[in-house]
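Colleague: First the structure, which I've put down as structure tokens, then a few questions once you've had a look.
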Amino acid sequence: PDATRQNVYHYTGGESNKEENTESCPAAITCGVPSVTTSLPLLSEPDDNESFTEHLLKSNIRKHKLRQRQRSSNVEDIDVSTDVSSVDTCLSDLELDNLPVSEPVPFISRLSRHDVLSVTFADTDGEKENEVPEATPASETPVVTPMNSATKRVSYPSPAVEVCHDEYVVIKKKSFEQVVIKNCPDCLSKKVKVEFTKRHLETFVTVECEECEVKCDEEPHTVHELNGFTCLSVYGEMLRGGGYSSFSRANALKTFPVLNSHLYQQYAENITKLAIEKCEKILEQSRNIVRDEYGKLGQMPNEVGILPVNVTYDGTCHTRGHDSNLGLGVAIDAETKLVLDYFVLSKYCSRCSVLKTLLDKKKITQIKYDTERVKHSPKCAKNYSGTSDNMEVEAAKILWPRSLDYNMRFDVMVSDGDTATFTNLKNMNNGDGPYPGVKVTKEECINHFSKRLKHRLGQLVKNAYSEKLLESGKKGKQFSLRGKDSLTDATIHKLASYFVNNIRKHMNADVKSMRNGVLASLYHCISTDEKPQHHLCPVGADSWCFHQRATSNNETPPSHNTMEVRLRLEPEDEAAVKKIYEELTSEEMMLCLKGCTQITNKSLHQLVGTYCPKTIYKVKRDLDFASAVAVSEYNAGYEKSCLDTSFGLKRSSVTQQKLRQLDARMQLPQGHQRKRIVKDTSYVPGGY
């Protein structure tokens, strides 16, 4: 403590173990327990050879003496051994008489983590150092009560804020000009009466002329009895993944009217319906584009008008983990990369949960419960009963038969290594599959296939070790496939990259050529000067293999030690690596690789996550909106999928410019989307 400040410590502790209590919390001697406390001023600062804890301990001794004097004054039969003279004195009798005395406090054995420490500093500028302040009566001594974190936040002193009762309004520019000019549009008279009418977030102006009695007003924009500008505001909040809480708080900060929760939900439901309707129109247009593209490739519909297509399928859950209430399955065409269909699953409905709780607490009867469930069933959000892990499978079992409704058939499914979805599709209709008489085949995603190679090589490195005795005497592991010219993480990553690249190069070739191309990368890396193994590498002067290039040019090949990736393994380890490659490049495996990936599905899932964040609680309506908007933007772009014109509003030039910038950014190659977009000024009046 500073020498110019006086410290008053409010302490509540036991009559014994004072030294233990003090040492357990030396920084502050206050424990928030419900009892009367004693306020004692520290009369002096700690000495140079005295610790702060020892200095505070003197205060503890003084309080003990005060309790003894109080008992001796109120109780006749007091033990003589408890006389204050047996305790080391730090105050004189005169000083003790001037100090406030309080009731004895109960003994507390130790401090709890919930005890709140409180220290009050009272400025004593201008007073003499070590001067004893005026005693405070015991009745006026403040009582320290327990405080939790919420009480601290509420009781935290805040500066006085001047409240302004004015507010901002949203008004059209044309209406604002009428208010400023204050002239009648017909007779130009200035004797006009201006009235403001609020409708949710927007303000409408009515100008009434007193001379010609002409009333110029503007009807509010309504979409199903909802205001257009308010729809636009709620739509913007939903696009950023927020909800009613953030929307109302933002409006309050901007001094806009705050909608109630029920009205906000009405707007959100209406916007979700409009988003789904627009998404259905875009999906129908996308399916027509897919039919045209397959026709250019020579693949036509069959005699009944059904077009077989190849799709990449993947599912996702709203929350991370295995306990999500919401799930999504998406089927994307493998050729055009356009979304063909999607389905949202939910295993929770808030209304059904409330009714069930009321029934369990016997607040409603069974008849009332059944009646409400029948009324609620058309709007029930729950459409799935099962585990969260099985949502992807259930969505696929709905999407595959539904493809016949728009004259398509998903014959080939490109998916990851998870075989549960494909197995359940084959078992539909008693083993006939989703299309009786037509077999659905599965192709592997090459990105996930390369992950298999990484995993198996990683397991090989993990299990290839021998035990050794460390210097400490304990047994340790010595891995034989780690270190220079071995299977390090960087080397395994390079081998997986070579694996995928060779599959892409031989995507249109036969199985043997694809297999030899993959094995060539391995044999090239394990080659040495003594034993070159480049028989599978492509020959010619333009070959990627340095050994084959030098041979074609009749030159001496350089040393194999100059290779970027080289493996120098023991014979048994080299044989284990070759075995892994042989298994992954078998004919059965190569037939499942057509060079397709699920990266389009992952990209769409990320876009859905921006509108429906995984870290915020959401319901099925939120995921319906996010999925519809993401699919529309993914297939048609931002400009064609924006809902502003669906609210009865005209699109502004500012909105048009921003949407076209976003569309131009979508067309950039991957990795170049962060570059600055040149603004298109062709549609801005007067140029930009």
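Colleague: At a probe radius of 1.4 Å, what is the per-residue accessible area of T556, in Å² to the nearest 10?
Modeller: That residue has around 120 Å² of solvent-accessible surface.
Colleague: Further question on the same structure: Starting from the residue with the highest accessible area, list D624, D389, D489 in decreasing order, probe 1.4 Å. Walk me through the numbers before you get to the answer.
Modeller: Working: D624 25, D389 100, D489 130 Å².
The ranking, largest first, comes out as D489, D389, D624.
Colleague: Further, regarding this structure: Provide E574, E555 ordered by accessible surface of protein heavy atoms (probe 1.4 Å), highest first.
Modeller: E555, E574
Colleague: Sequence gap of 8 or more, or different chains, plus Cα separation below 17 Å: how many lysine pairs satisfy both in the stretch 233-372? Before the final figure, lay out each step's value.
Modeller: Details: K273/K281; K296/K337; K347/K356; K356/K368.
Taking the Cα cut-off of 17 Å, the pair count is 4.
Colleague: If K193, K397 are ordered by their accessible area, calculated over protein heavy atoms with a 1.4 Å probe, which sequence runs from highest to lowest?
Modeller: Ranking K193, K397 by accessible area, largest first, yields K193, K397.
Colleague: I would also like to ask the following. By how many nm would the segment from Y406 to T255 lengthen if fully extended, with 0.36 nm per residue of separation less the alpha-carbon distance?
Modeller: Working: separation 151, 0.36 × 151 = 54.36 nm, distance 4.91 nm.
Full-extension gain reported as 49.4 nm.
Colleague: Taking the Cα centre as origin and putting +1 on Lys and Arg beta-carbons and -1 on Asp and Glu beta-carbons, what dipole magnitude results for the stretch 232-363, to the nearest 20 debye?
Modeller: Working: 17 positive and 14 negative charges, 197 e Å.
For this selection, approximately 940 debye.
Colleague: Trypsin sites (Lys or Arg not before Pro) within the stretch 456-521: which are DSSP loop residues with at most 13 other Cβ atoms inside 10 Å?
Modeller: K474, K484
Colleague: A further question follows. Using 31 Å as the Cα-Cα cut-off, could you pick out the over-long pairs in K426/K618; K426/K602; K451/K477?
Modeller: Check vs 31 Å cut-off fails for K426/K618.
Colleague: Would you work out if the stretch 399-548 is rounded, prolate or oblate? Take a ≥ b ≥ c from the square roots of the eigenvalues of the alpha-carbon gyration tensor; rounded if a/c is under 1.5, else prolate when a/b is larger than b/c, oblate otherwise.
Modeller: Taking the square roots of the gyration eigenvalues as a ≥ b ≥ c, the stretch 399-548 is oblate.
Colleague: At 1.4 Å probe size, with no ligands or nucleic acids counted, give the accessible surface of T600 in Å², nearest ten.
Modeller: 20 Å²
Colleague: Carbon and sulfur atoms: what percent of the 1.4 Å accessible area of the stretch 575-624 do they account for?
Modeller: Carbon and sulfur atoms account for 59 percent of the accessible area of the stretch 575-624.
Colleague: Tell me, what % of the accessible area of the stretch 202-342 is carbon and sulfur with a 1.4 angstrom probe?
Modeller: 50 percent
The values are calculated or read from the model by the stated rules, or taken from the named source; none is laboratory data. Only a predicted model underlies this, so the values are computations on that prediction, with no experimental measurement involved. Neighbour counts run over all protein chains shown; Cβ positions are idealised from the backbone, glycine included. All accessible areas refer to the heavy atoms of the entire protein, side chains included, with ligands and DNA or RNA removed. Shrake-Rupley method; radii C 1.70, N 1.55, O 1.52, S 1.80 Å.
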